[in-house]
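As structure tokens, the structure follows; a few thoughts come after it.
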There are 2 protein chains.
Amino acid sequence: MNALDKLGLATALAKARKSYQEGGVPIGAALVYHGTTPDTSNAVVLGCSHNQRFQKSSPTLHAEIATLEDAGRLKAAVYRKSTMYTTLSPCIMCTGAILLYKIPRVVIGENENWVGGEELLKQNGVEVIVVDDAECKDLMKRFIKEKPEEWNEDIGE
Amino acid sequence: MNALDKLGLATALAKARKSYQEGGVPIGAALVYHGTTPDTSNAVVLGCSHNQRFQKSSPTLHAEIATLEDAGRLKAAVYRKSTMYTTLSPCIMCTGAILLYKIPRVVIGENENWVGGEELLKQNGVEVIVVDDAECKDLMKRFIKEKPEEWNEDIGE
Ligand SMILES: [Ca+2]
Ligand SMILES: [Ca+2]
Ligand SMILES: [Zn+2]
Ligand SMILES: [Zn+2]
């Protein structure tokens with residue numbers, strides 16, 4: 001992992017930890033602009049947030065959607081030179097949001113606890129990097145074990 | 001169109017008109033529970049709303065997402081016996097949200113001004129009905145002509 005991806009994933013993970021402390025779904029995300037080359041020179045964290053299902057009683061504020069909201073209205077060109085970081089493989093809704101805004105690159109903390117729309121991302125030319133991060137895995141595994149019904153609700157099961 | 005679909009689409013269209021009057025993107029939606037058979041006996045409008053890009057400066061509150069928010073947290077079984085009504089063909093993000101919650105039926109006012117993720121819905125077994133409604137078409141056509149940049153922003157272009 002390069003310095004940009006380390007920073008982006010750490011930022012997402014900090015939000016996931018915060019959500020866990022609040023009793024929420026511990027998934028975090030960050031949208032980072034970096035221009036044509038994905039490195040730290042000129043990088044800007046445009047938004048970062050976490051799943052808000054329990055904190056805001058929201059069925060659609062998954063980490064990635066909440067992060068796009070946190071970033072606000074951006075020009076199309078900005079999304080296209082940014083990376084979405086997320087601690088867990090994005091669900092089909094969040095996959096759709098990434099495709100809507102043509103975000104070209106997605107870095108995923110882990111896909112061991114759950115696999116979302118990664119294949120659809122790849123089919124549409126999005127670069128998908130799975131880090132297999134131990135802390136992302138542990139945090140999510142703990143939550144699924146502690147609150148299986150809450151987790152099922154979040155994935156429509 | 002049966003009485004349920006007439007009511008559902010009219011509810012979505014009322015929200016689209018309201019959004020237009022507010023200077024916003026005139027796309028409305030409604031989520032209607034109906035149980036196993038899609039008819040008006042036992043039907044409940046669970047939520048209805050419109051695109052909130054300009055009203056709430058939101059990049060993710062498309063009509064369908066705003067409607068899922070308006071409906072709040074529901075049990076998985078409720079989504080699975082409901083229909084999503086929307087005045088315009090749903091984008092890939094909203095398509096993903098419909099797939100996440102396994103909403104089995106989508107009624108679309110029109111897909112002449114724009115086509116979204118209808119094929120992906122069908123591939124996943126969702127029943128898709130395109131009404132080709134004149135008022136939905138006129139309202140959207142007028143908006144795209146009056147505010148082309150705002151429309152492009154909403155579809156990530
Ligand atoms: Ca933030
Ligand atoms: Ca409403
Ligand atoms: Zn999601
Ligand atoms: Zn949409």
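The values are calculated or read from the model by the stated rules, or taken from the named source; none is laboratory data. As the structure is a prediction and not an experimental result, all values here were calculated from the model. Reconstructed Cβ throughout: ideal geometry from the backbone, glycine too, with neighbour counts over all protein chains shown.
A few points about this structure:
- Qualifying positions in the range A:125-155 - surrounded by 15 or more Cβ atoms within 10 Å (Cβ to Cβ) and of a type in the set (Asp, Glu): A:ASP133, A:GLU135, A:GLU150, A:GLU153, A:ASP154
- Subset of the range B:47-79 (residues that are more than 9 Å from every other protein chain (Cβ to nearest Cβ), closer than 13 Å to B:TYR33 by Cβ and touching a residue at least 24 places away in the same chain (Cβ under 8 Å)): B:GLY47, B:CYS48, B:THR67, B:VAL78
- A:TRP151 satisfies every condition listed in (1) within 23 Å of B:CYS91 (Cβ to Cβ); (2) within 13 Å of chain B (Cβ to nearest Cβ) except (1).
- Helices (runs of 4 or more DSSP H) fully within the range A:103-157 counting 2 or more residues that are closer than 22 Å to A:GLN52 by Cβ: A:134-146, A:148-154
- Being more than 12 Å from the chain's Cα centre (by Cα), away from ligand 4 (no atom under 16 Å from the Cβ), at pLDDT 95 or above and not aliphatic (A, V, I, L, M) is a property that A:LYS145 has.
Yes/no per residue for (1) at pLDDT 95 or above; (2) in contact with a Lys or Arg (Cβ under 9 Å, 6 or more places away or on another chain); (3) crowded, with 18+ Cβ neighbours inside 10 Å:
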| position | (1), (2), (3) |
| --- | --- |
| A:TYR20 | yes, yes, yes |
| A:PRO26 | yes, yes, yes |
| A:PRO38 | yes, yes, yes |
| A:ILE65 | yes, no, yes |
| A:ARG73 | yes, yes, no |
| A:CYS94 | yes, no, yes |
| A:ILE98 | yes, no, yes |
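- Filter pass, A:GLY8 being at positive phi, more than 16 Å from ligand 4 (Cβ to nearest atom) and at pLDDT 95 or above: no
- Pairs with Cβ under 7 Å, 6+ apart, first in the range B:108-131 and more than 14 Å from chain A (Cβ to nearest Cβ) and within 12 Å of B:PRO90 (Cα to Cα), second within 16 Å of ligand 2 (Cβ to nearest atom) and outside any strand (DSSP E or B): B:GLY109/B:LEU9; B:GLY109/B:ALA12; B:GLY109/B:LEU13
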